Amino acid sequence: MNHDNARPDRLYEDPDIASFYDVENEWSADRACCRSLAAGCASVLDLGCGTGDLAAEVALEPDCTVFGVDPAAAMLDIARRRQGGDRVTFVQGDGRTVRLGRRFELIVMTGHAFQVFLTPEDRIAALRTIAAHLEPGGRFIFDSRNPAVAEWREWTPEQSSRRIEHPRFGAVEAWNDVSHDPATDIVTYGTHYRLLGDGRVLSSHSRIAFAPRSELEQALKEVGLEVEAWYGDWERRPCTPTSPDFIPLGRLRRSS
Ligand SMILES: C[S@@+](CC[C@H](N)C(=O)[O-])C[C@H]1O[C@@H](n2cnc3c(N)ncnc32)[C@H](O)[C@@H]1O
């Protein structure tokens, strides 16, 4: 099976589908946690920044330079146009390979963007990007869903069926479908929007990986990152075998 995520994902690359992102995803605990970690920081990098709501909010911090990186032009278009987007330097780039030529006091990767990296090699490459951009005393945080919880089991058409009011398309029926490869813990899910105005259906097919915590621990160590706390959710509850998320908060290992 091809595990390369090089194919563009219409969920983020198609401007019409990308325009649903902010409608479906409200400000939540991950934003609040990152906003508090950013307090007092002079520089923050949001990797896989998507539509840039977090980056724009963090840029309200006085004297804070904020960069947002994402490969999807349609997401970045929304980010640049949003209120406060002009305070952020948005860069189109791949989290595995981008090199900005500067370092940051805080690097965040939210919304489970880390799960777009499908192979151990891709995950190491993304973590190397974090290590390459951290100030010596700087901190990073990201989230990846716990495979043991198998959240994808809820992403069936029956359980995910919902009705949305979209500011441009009006009433929309939305649903997901999903398949899980137990050999790799890669999940393929569809996102579908039926525009009730004209009957069109906009669809995307995405793949994300559910990496085990042991692999993340090993990969972080390999790239010279040290974890000071593993949280199990963005309320910063401790990470347990049944926590929804793995959320490492850490920094560069002192010797590296
Ligand atoms: C679920 S969204 C999360 C966006 C944002 N971080 C948030 O919290 O709302 C995943 C994001 O990862 C981005 N992405 C996909 N492939 C990527 C890559 N190779 N490097 C960095 N980001 C990537 C997508 O374009 C998308 O904006």
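We did not get these values from a lab; they are worked out from the coordinates using the rules stated. Fair warning: this is a prediction, and the values are worked out from it, not measured in the lab. Using ideal geometry, Cβ is built from the backbone for each residue, glycine included, and neighbour counts are taken over all protein chains shown.
Figures for the structure shown
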{"item": "Under Karplus coefficients 6.51, -1.76 and 1.60, residue-wise ³J(HN,Hα) of segment 47-56 in Hz, glycine/proline x", "result": "8, x, 6, x, 7, x, 5, 5, 4, 5"}
{"item": "DSSP-defined beta bridges in the chain - what % are antiparallel, rounded to 5", "result": "65"}
{"item": "Tail beyond 14 Å, pair distance distribution of segment 148-209 (Cα, percent)", "result": "58"}
{"item": "With Cα atoms, 0 to 90° folded angle of helix 29-38 axis to the chain main axis", "result": "30"}
{"item": "Mean Cα-pair separation over length for the chain, i.e. relative contact order, pairs under 8 Å, 6 or more apart, %", "result": "18"}
{"item": "Loop sites in segment 122-211: trypsin sites (Lys or Arg not before Pro), DSSP, at most 14 other Cβ within 10 Å", "result": "ARG168, ARG200"}
{"item": "Shape metrics for the chain, restricted to C-alpha atoms - Rg then Dmax, Å", "result": "17.9, 60"}
{"item": "Mean-position separation - Cα centroids, segment 154-207 and segment 115-131, in angstrom", "result": "26"}
{"item": "Fully extended contour minus Cα-Cα distance, from ARG253 to THR89, at 0.36 nm per residue", "result": "56.3 nm"}
{"item": "Computed lengthening from TRP27 to GLN159, 0.36 nm per intervening residue step minus Cα-Cα distance", "result": "45.3 nm"}
{"item": "Mean shadow area of segment 57-204 over all directions, Cα convex hull, nm²", "result": "11.0"}
{"item": "Amide H contacts under 5 Å for ARG139, placed H, 5+ residues apart", "result": "LEU106, ILE107"}
{"item": "Peptides ranked, highest mean first, by Cβ atoms within 10 Å: ranges 83-91, 14-22", "result": "14-22, 83-91"}
{"item": "Derived scalar couplings ³J(HN,Hα) [segment 141-148; Karplus, 6.51 cos²θ - 1.76 cosθ + 1.60; whole Hz; x for Gly, Pro]", "result": "8, 8, 10, 9, 5, 6, x, 5"}
{"item": "Paramagnetic reach from GLU13 (point 7 Å along Cα→Cβ, amide N under 20 Å) across segment 64-80", "result": "69-80"}
